[in-house]
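Peer 1: Would you mind keeping the following structure in view while I ask a few things?
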Amino acid sequence: MLLQLSGITKHFPGVIALENVDLDLAAGEVVAIIGENGAGKSTLMKILSGVHRADAGSMAFEGKTLQVKSPSDALDHGIRIIYQELSGLDNLDIASNIFLGREYRKGPFVDQKKLNDESKKILERVGLNVSPETQLVRLSIAEKQLVEIARALSLEVKVLILDEPTSSLTIEETNNLLRLVQELRSHGVAILYITHRLDEVQQIADRVVGLRDGRNAGKLSRSEISKDAMVKMMIGRDIKREERSDAVGGEVVLELSDFRSARYPDEVVNLEVRQGEILGMAGLVGAGRSELVRAVYGIDAYRGQIKVGGKAIRIKSPQDAIFAGVFLAPEDRRGCGLTVEMSVKENTSLPKLKALTNFGLINFKREEAYAKESVAEMNVKTANLNTKISTLSGGNQQKVVLGRWLAMKPKVLIVDEPTRGIDVGSKAEIYAQLREIASTGTAIWMISSDMEEVINVSDRVAVMHEGKLTGILERKQVSEEAIMKLATGGH
């Protein structure tokens with residue numbers, strides 16, 4: 001074994017984050033670490049990468065005792081973590097990011113030619129065909145991720161930790177990353193792969209290690225890996241799978257006619273979202289899904305017509321959209337969907353403050369009662385209503401976002417990547433809640449890069465390619481093959 005962790009324990013004030021956790025990893029092996037939010041995955045990885053120090057337990061690396069007191073200690077041993085939230089410097093070029101702090105020099109000056117030449121070699125290894133002189137700010141999320149992996153390879157990485165590496169990637173980008181993981185494995189790099197996407201685990205993992213409530217929940221060998229086995233190991237129970245008919249909602253609630261976004265002014269989109277349905281929207285990178293939603297929600301300019309409830313309206317701002325009954329739960333829930341320094345109660349009641357005030361003063365008793373009802377209805381797990389929203393798991397944060405918009409009685413609810421970075425148990429709850437919201441007559445428009453999510457949750461699926469709506473699949477027509485054909489411009 002290249003790496004061995006034994007009896008790792010970590011306490012935070014009032015919380016046992018890890019208790020007696022064991023983990024081992026061989027060179028040239030991919031071990032998937034799975035578990036619900038709060039299971040201890042991130043804490044364990046931060047101990048291994050030197051961000052935290054364990055209170056008890058031992059670590060061994062290449063047969064010798066390993067002491068990691070800081071991230072630089074981890075890097076000295078060839079242990080590198082790439083977080084879900086990338087840490088590159090947008091104001092620098094690719095070469096400068098790869099060799100940051102380790103620049104080649106000619107006397108007192110940076111040897112830019114050698115820097116670029118060496119960067120090209122590493123970029124070829126990770127499959128990124130971009131000039132090393134390109135500013136990082138110009139790259140997509142997937143390309144920035146490859147730059148971080150390139151930096152890790154430049155440090156002669158032996159253990160690469162990938163934390164939710166595909167949560168913001170399209171299907172095509174995800175497949176490219178998985179191919180790179182397999183390539184690194186074949187060259188002897190040991191990989192710890194943390195993800196909530198169990199289909200990816202099935203594709204690339206040699207073994208699976210499960211965590212639950214800060215403890216080891218079990219292990220699966222390659223031949224034992226299945227979605228049902230992983231789910232049961234993570235949450236200790238089987239997830240009830242929702243049965244529903246093929247019947248799709250009623251009247252058209254949102255209608256786009258001859259609609260053109262600012263990003264794709266030459267592509268016309270005609271689209272309907274019906275009462276009580278979940279319309280999924282799929283597409284590859286650059287497909288124009290986000291641009292379409294931004295225009296409909298009044299963030300960007302558009303041409304064409306929008307009808308809500310059969311009435312033509314003009315949406316020039318998000319306020320106009322909200323006034324018309326159109327609400328957006330954004331992909332970046334922490335940056336755009338929540339006020340992270342405020343409490344669960346304050347985040348829940350924020351859109352309803354006008355109704356909760358008397359003569360300009362908040363009625364705190366009414367606010368408390370309102371928030372309590374919303375939290376209970378959405379099954380938000382929180383210590384109390386005054387808990388800071390930033391301390392909740394991703395799944396519970398998303399429930400707060402959905403709950404507060406639900407209380408506004410939306411006609412149309414747009415949900416962008418509703419389960420990004422959320423564990424499988426919370427995903428199932430959110431899917432059930434979306435179905436419940438739809439059953440009240442709300443039209444739901446769901447944008448997702450998760451193929452399994454699109455297929456299993458949507459009543460119909462609209463597919464885009466380079467700003468064009470290439471097709472709409474009825475529920476009986478939906479399959480991965482059919483979606484991919486439309487997503488690549490086919491018919």
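The values are calculated or read from the model by the stated rules, or taken from the named source; none is laboratory data. In this text the structure is predicted, and so the values were computed from the model without any measurement. With ideal geometry, Cβ positions are generated from the backbone for all residues, glycine too; neighbour counts draw on all protein chains shown. For accessibility, only protein heavy atoms count, side chains too; no ligands or nucleic acids. Shrake-Rupley method; radii C 1.70, N 1.55, O 1.52, S 1.80 Å.
Peer 1: Which members of region 33-52 meet the condition of being part of a helix (DSSP H, G or I), closer than 12 Å to Ala74 by Cα and open to solvent by 10 Å² or more (accessible area, probe 1.4 Å)?
Peer 2: We begin by selecting, within region 33-52, every residue part of a helix (DSSP H, G or I); these are 41-48.
Filter again for closer than 12 Å to Ala74 by Cα, leaving 45-48.
Passing the criteria: only Lys46.
Peer 1: In region 266-308, which residue that is at pLDDT 90 or above and among the hydroxyl-bearing types (Ser, Thr, Tyr) is nearest to Pro330 (Cα to Cα)?
Peer 2: Filtering first and then ranking leaves Tyr297.
Peer 1: While we're here: Look at Val424 and say whether it is crowded, with 19+ Cβ neighbours inside 10 Å, at pLDDT 80 or above and either among the β-branched types (Val, Ile, Thr) or within 28 Å of Leu198 (Cβ to Cβ) (or both).
Peer 2: no
Peer 1: Let me ask something else about it. Name the residue, out of Arg138, Arg102, that is open to solvent by 20 Å² or more (accessible area, probe 1.4 Å) and either of a type in the set (A, V, I, L, M) or modelled with pLDDT under 85 (or both). Give the derivation first.
Peer 2: Details: Arg138 fails: either of a type in the set (A, V, I, L, M) or modelled with pLDDT under 85 (or both).
Matching residue, one of Arg138, Arg102: Arg102.
Peer 1: Could you check Thr391 against (1) farther than 23 Å from Ser42 by Cβ; (2) open to solvent by 40 Å² or more (accessible area, probe 1.4 Å) and say which number it fails?
Peer 2: Single failed check for Thr391: (1).
Peer 1: Among what's in region 441-491 and is among the hydroxyl-bearing types (Ser, Thr, Tyr) and touching a residue at least 60 places away in the same chain (Cβ under 8 Å), pick the residue that is nearest to Gly309 (Cα to Cα). Write out each step before concluding.
Peer 2: First, the residues of region 441-491 that are among the hydroxyl-bearing types (Ser, Thr, Tyr): 442, 448-449, 458, 470, 479, 488.
Narrowing the set further to residues that are touching a residue at least 60 places away in the same chain (Cβ under 8 Å) leaves 442, 448-449, 458, 488.
Working: Thr442: 11, Ser448: 25, Ser449: 28, Ser458: 21, Thr488: 33 Å.
So, considering only residues that are among the hydroxyl-bearing types (Ser, Thr, Tyr) and touching a residue at least 60 places away in the same chain (Cβ under 8 Å), the one nearest to Gly309 (Cα to Cα) is Thr442.
Peer 1: I've got another one for you. Hey, could you check region 199-231 for residues that are among the aliphatic types (A, V, I, L, M) and open to solvent by 10 Å² or more (accessible area, probe 1.4 Å) and say which is modelled with the lowest pLDDT?
Peer 2: Applying the first criterion (among the aliphatic types (A, V, I, L, M)) to region 199-231 yields 201, 204-205, 208-209, 211, 217, 220, 225, 229-231.
If we keep only those that are open to solvent by 10 Å² or more (accessible area, probe 1.4 Å) as well, we get 217, 220, 225, 229, 231.
Working: Ala217: 91, Leu220: 94, Ile225: 92, Ala229: 86, Val231: 78.
Among them, the one singled out is Val231.
Peer 1: Right, next: Answer yes if at least one residue in region 431-445 is open to solvent by less than 10 Å² (accessible area, probe 1.4 Å), within 30 Å of Leu211 (Cα to Cα) and under 20 Å from the mean Cα position of the chain (by Cα), and no otherwise.
Peer 2: To start, the set of residues in region 431-445 that are open to solvent by less than 10 Å² (accessible area, probe 1.4 Å) comprises 434, 437-438, 442-445.
Of the ones still in play, those that are also within 30 Å of Leu211 (Cα to Cα) are 434.
When the remaining residues are screened for being under 20 Å from the mean Cα position of the chain (by Cα), the result is 434.
Looking through region 431-445, at least one residue is open to solvent by less than 10 Å² (accessible area, probe 1.4 Å), within 30 Å of Leu211 (Cα to Cα) and under 20 Å from the mean Cα position of the chain (by Cα).
Peer 1: Answer yes or no as to whether Ala312 is at pLDDT 90 or above, out of contact with any helix residue (DSSP H, G or I) (no Cβ under 9 Å at 6 or more places or on another chain) and either β-branched (Val, Ile, Thr) or not in a helix (DSSP H, G or I) (or both). Outline the logic, then answer.
Peer 2: Details: at pLDDT 90 or above: yes; out of contact with any helix residue (DSSP H, G or I) (no Cβ under 9 Å at 6 or more places or on another chain): yes; either β-branched (Val, Ile, Thr) or not in a helix (DSSP H, G or I) (or both): yes.
Taking the combined requirement at face value, the residue satisfies it.
Peer 1: Can you confirm whether Leu328 is farther than 25 Å from Gly35 by Cα, hydrophobic (A, V, I, L, M, F, W, C) and under 20 Å from the mean Cα position of the chain (by Cα)? Write out each step before concluding.
Peer 2: Values: farther than 25 Å from Gly35 by Cα: yes; hydrophobic (A, V, I, L, M, F, W, C): yes; under 20 Å from the mean Cα position of the chain (by Cα): yes.
The answer is yes for Leu328.
Peer 1: Within region 53-71, work out how many residues are out of contact with any strand residue (DSSP E or B) (no Cβ under 6 Å at 6 or more places or on another chain), open to solvent by 60 Å² or more (accessible area, probe 1.4 Å) and either part of a loop (DSSP other than H, G, I, E, B) or within 27 Å of Thr195 (Cβ to Cβ) (or both).
Peer 2: Adding up the residues that qualify gives 6.
Peer 1: Still on this structure: Give Glu466, Glu417 a once-over and let me know the one that is on the phi > 0 side of the Ramachandran plot and touching a Gly at 6+ places or on another chain (Cβ under 7 Å). I'd like the intermediate steps shown before the answer.
Peer 2: Details: Glu417 fails: touching a Gly at 6+ places or on another chain (Cβ under 7 Å).
None of the others qualify; the one that does is Glu466.
Peer 1: State the number of residues belonging to region 156-207 that are among the charged types (D, E, K, R) and not in a helix (DSSP H, G or I).
Peer 2: Final tally of qualifying residues: 7.
Peer 1: Another question about this same structure. Look at region 446-456 and say how many of its residues are open to solvent by 10 Å² or more (accessible area, probe 1.4 Å), in a helix (DSSP H, G or I) and closer than 27 Å to Ala39 by Cα.
Peer 2: Keep residues of region 446-456 that are open to solvent by 10 Å² or more (accessible area, probe 1.4 Å), which gives 449-452, 455-456.
When the remaining residues are screened for being in a helix (DSSP H, G or I), the result is 451-452, 455-456.
Imposing the further condition that a residue be closer than 27 Å to Ala39 by Cα reduces the set to 451-452, 456.
Residues that pass the stated criteria total 3.
Peer 1: All but one of (1) within 19 Å of Asn379 (Cβ to Cβ); (2) among the hydrophobic types (A, V, I, L, M, F, W, C); (3) open to solvent by 10 Å² or more (accessible area, probe 1.4 Å); (4) within 17 Å of the chain's Cα centre (by Cα) hold for Val415, so report the exception by its number.
Peer 2: So Val415 meets the others, but not (3).
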